[in-house]
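Just so it is clear, none of the values below were taken in a lab; they were calculated from the coordinates. Everything quoted here is computed from the prediction, not taken from an experiment. For neighbour counting, all protein chains shown are included, and Cβ atoms are generated from backbone atoms with ideal geometry for every residue, glycine included.
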Amino acid sequence: VLYPREFHLSRSLEKTIRRGDFRVTMDQAFEPVIRACGRVRRVTGEGTWIVPEMIEAYCGLHHAGLAHSLEAWQGDHLAGGLYGISLGNCFFGESMFARVSNASKVALAALVAYLRAEAFGLIDCQVTTGHLQRMGAREIPRSLYLEELQVHLQAPTRKGKWKLPAQVWAELLPKPRASAKRPGGNGARRPPLRKRKG
């Protein structure tokens, strides 16, 4: 699982976000995202489980306001994204893809920022990977997982289309530190020392 408050934002990912390399949206291209996820080649060599019947089923859940997608764009090009299901205060991540480096990471970071603001309890990542662990995900005992589900699923489910707020990154990005004032009053620079003659 990945607890939104335990998300680790690396310096490189923070720089990518601050540069504005990607424009991130929510629920704007659900079907293209799930189809792109279905074309991802798995490391295990196994075929994808995202078959046409599953795509149709998840699109139905999306229209019902239960399944959601995040899209990372470069211009009009869908560079990466992810999708999953929201129930109570839980988000069950299903799959992600990236056509451009860091695109899916930015989409996940945006999801975390949104879920933090909405007080979600956890993200079920399905499978543990090194990529997710570096971003703060960890394994927990099944008994604890079931206990937390019982608590978080009691919250009302946020149905309908989700939309990222304009200040979505404010929840995630650290605020820049104020520059320290130099001695000499009001941060003013000291005048250069004059050389003594002789």
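Odds and ends about this structure:
- Our analysis of region 38-118 gives Rg over Rh at 0.97, with the two radii drawn from alpha carbon positions and Rh computed by the Kirkwood formula.
- Cβ-based charge dipole, region 4-165, positive-most Cα from P32, F120, T16: T16
- Alpha-carbon Debye profile of region 1-159, log10 I(q)/I(0) at 0.12, 0.20 Å⁻¹: -0.51, -1.45
- Put a dot 7 Å past the Cα of Q74, heading toward its Cβ, do the same for K15, and the two dots end up 1.7 nm apart.
- Model label zone, T48; criterion: amide N under 16 Å from point 7 Å along Cα-to-beta-carbon; scope region 87-107: 94-100, 104
- Gyration tensor verdict on region 101-144 (Cα atoms; rounded if a/c is under 1.5, prolate if a/b is larger than b/c, oblate otherwise): oblate
- Label positions at Q167 and H63, each projected 7 Å from the Cα along the C-beta direction, are separated by 3.8 nm.
- Loop-located chymotrypsin sites (Phe, Trp or Tyr not before Pro) in region 1-74 whose Cβ has at most 15 other Cβ within 10 Å (DSSP): W49
- Long-range HN-HN contacts of F120 with modeled amide H, under 5 Å: none
- Amide hydrogen neighbours beyond the local backbone of A29, cut-off 5 Å, H modeled: none
- Cβ-Cβ distance of E56 and Q150, R₀ of 30 Å, FRET efficiency by 1/(1 + (r/R0)^6): the value works out to about 0.45.
- Taking each residue as 0.36 nm, the span from V100 to R158 lengthens on full extension beyond its C-alpha to C-alpha distance by 17.8 nm.
- Distance between the 7 Å Cα→Cβ label points at K175 and R116: 1.3 nm.
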